[in-house]
1. Checking residue 150 against (1) on the phi > 0 side of the Ramachandran plot; (2) free of Cβ contacts under 8 Å to residues at least 24 places away in the same chain, which test does it fail?
2. Pairs only if they're at least six apart or on different chains, beta carbon under 7 angstrom, first in the stretch 267-285 and at positive phi and modelled with pLDDT under 95, second part of a loop (DSSP other than H, G, I, E, B) and crowded, with 23+ Cβ neighbours inside 10 Å; list them, first residue then second.
3. Just checking, how many residues over the stretch 49-75 are in contact with a strand residue (DSSP E or B) (Cβ under 9 Å, 6 or more places away or on another chain), under 15 Å from residue 119 (Cα atoms) and either at pLDDT below 95 or not in a helix (DSSP H, G or I) (or both)?
4. Please determine whether any residue of the stretch 8-15 is touching a helix residue (DSSP H, G or I) at 6+ places or on another chain (Cβ under 6 Å), in contact (Cβ under 8 Å) with a residue 24 or more places away in the chain and over 28 Å from residue 269 (Cα atoms).
């Protein structure tokens, strides 16, 4: 399977990433192991998680996902076959205080992630969300220290606005510090405007890798949500409600049309559209069973023709700059 370089780093990424937020939450450890084995055996290699996953679940304290990945790595012996991406900066325990990208918070957090993951070096360490009250110099100095210590190979940004990301790249260049090699934005066929109008040009200009989250719009692009009554099919029901409008249904109709022509599913087509985007390195998607995983693997191999891309682009057209994508 063709791999793409992540930014200017030496990380070579297959065209689809596995979202690890489900490990230990909606997927048991046993199921998670099977999913990870299947994902890697299919030729895919990027596993995305975060130290905070899944602190929101009853009885969880954070670190559950990293812990399961670490146990799988030890049992499977597949460390050399995967790239591990995790994140720092969100509050996961009273001991570390509120969310922060301070030097102390980052330095204190990395060893916990390494221990849970049972690895010596994190391939991609990402700032989970911007800390606007923290000087970028301090954050980037901490990340640079971790790279020099061999604890991290490359760094990335998640949920950064274009202005702040641009400033971070400038600080890195001027100060000789490690730079963000990737961005993890919310981006899919429905949520296009913010990324395409501001972040995408910046990423292309600076050769940043792009790893998208909510790649299936919280599952809406699978086509299984047709009304408010369907929201009970997902734990993210409230988040899906915003897609239940004329534009959303127009996108789903186009996905179904392309899916019929390519003997695929709407979810596969939605992911393939992202993969075909020149700026995107790999969309993130999750699966909680082997059937769903097979769907994801098929998406990574699906190639859309120009007419299919045009149809999807037109169906998902959004208003002019400054407007929302709904």
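The values are calculated or read from the model by the stated rules, or taken from the named source; none is laboratory data. Please read these numbers as outputs of a predicted model, since none were measured by experiment. Cβ placement follows ideal geometry from the backbone for every residue including glycine, while neighbour counts extend to all protein chains displayed.
1. It fails just one condition, (2).
2. Sorted first by the residue in the stretch 267-285, then by its partner, the list stays empty.
3. Residues that pass the stated criteria total 3.
4. no
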